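Input: a single structure, listed below in structure tokens.
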Amino acid sequence: MQHLSALNAKLTTREKLAKTIAAKHLYGHEIVFTNGCFDLLHPGHIRYLAQARDLGDFLVIGLNSDASVRRLKGPERPIQSEHVRGEMLAALHVVDAIVLFDEDTPLELITALKPDVLVKGGDYTPNTVVGADVVEAHGGRVEIIPFETGFSTTDLIAKIRHGKG
């Protein structure tokens, strides 16, 4: 029961998380933020999140809601519900908090949370990262983690559908 409670504690609301982050800032902690769908968790995701966590003291994941994923990826996605995706991310020791967002981009969430480090994968450039300007305006930075080749949720779904998973 103790471990299940710890998982659930990582899943939080925007309002609660903003208060937590404000308190952590008082103690000089660096808040790292990344976002994504994380539909089928794979080693590329795990490595990416571990590297993101190494960039600060507290890793926050903005998790696209089911409706947001459908708008971005199409009507057959997500494969797993937002609750399942959130629980799987919460089980990772490198993840400190997960918050859902329903918008198409995490801009409103980034603006509300004011992270110190905004992280995206190597398929982005600093000038294409949503919220980079917001983070940099309050003295934060954007970090791009090199993209892990060989791992893709889209490719994994295709393999499973063709019986090669």
Does segment 82-108 hold any residues that are surrounded by 17 or more Cβ atoms within 10 Å (Cβ to Cβ) and either outside any helix (DSSP H, G or I) or more than 15 Å from the chain's Cα centre (by Cα) (or both), and which are they? LEU92, VAL95, ASP96, ALA97, ILE98, VAL99, LEU100, PHE101, PRO106
Here is a check on your reading of the model: is ARG71 assigned to a helix (DSSP H, G or I) and either in contact with a strand residue (DSSP E or B) (Cβ under 9 Å, 6 or more places away or on another chain) or basic (Lys, Arg) (or both)? yes
The lone condition GLY28 fails out of (1) at positive phi; (2) crowded, with 19+ Cβ neighbours inside 10 Å; (3) out of contact with any helix residue (DSSP H, G or I) (no Cβ under 7 Å at 6 or more places or on another chain) is (2)
Quick test for you: out of THR111, THR125, pick the one residue that is exposed (fewer than 15 other Cβ atoms within 10 Å of the Cβ) and either of a type in the set (A, V, I, L, M) or more than 16 Å from VAL60 (Cβ to Cβ) (or both). THR125
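Yes/no per residue for (1) assigned to a loop (DSSP other than H, G, I, E, B); (2) at pLDDT 95 or above; (3) not aromatic (Phe, Trp, Tyr):
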{"residue": "TYR124", "(1), (2), (3)": "yes, no, no"}
{"residue": "VAL135", "(1), (2), (3)": "no, yes, yes"}
{"residue": "THR154", "(1), (2), (3)": "no, no, yes"}
{"residue": "GLY165", "(1), (2), (3)": "yes, no, yes"}
Determine, yes or no, whether ILE79 is crowded, with 17+ Cβ neighbours inside 10 Å and either outside any helix (DSSP H, G or I) or over 14 Å from the mean Cα position of the chain (by Cα) (or both). no
Being at pLDDT 95 or above, more than 19 Å from PHE101 (Cα to Cα) and in contact with a Leu (Cβ under 7 Å, 6 or more places away or on another chain) is the requirement here; does ALA18 meet it? no
Considering residues of segment 5-50 that are small (Gly, Ala, Ser) and outside any helix (DSSP H, G or I) only, the residue farthest from GLU87 (Cα to Cα): GLY28
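The values are calculated or read from the model by the stated rules, or taken from the named source; none is laboratory data. A quick note: this is a predicted structure, and the numbers were derived from the prediction, not measured. Note that each Cβ is placed from the backbone with ideal geometry, even for glycine, and that neighbours are counted across all protein chains shown.
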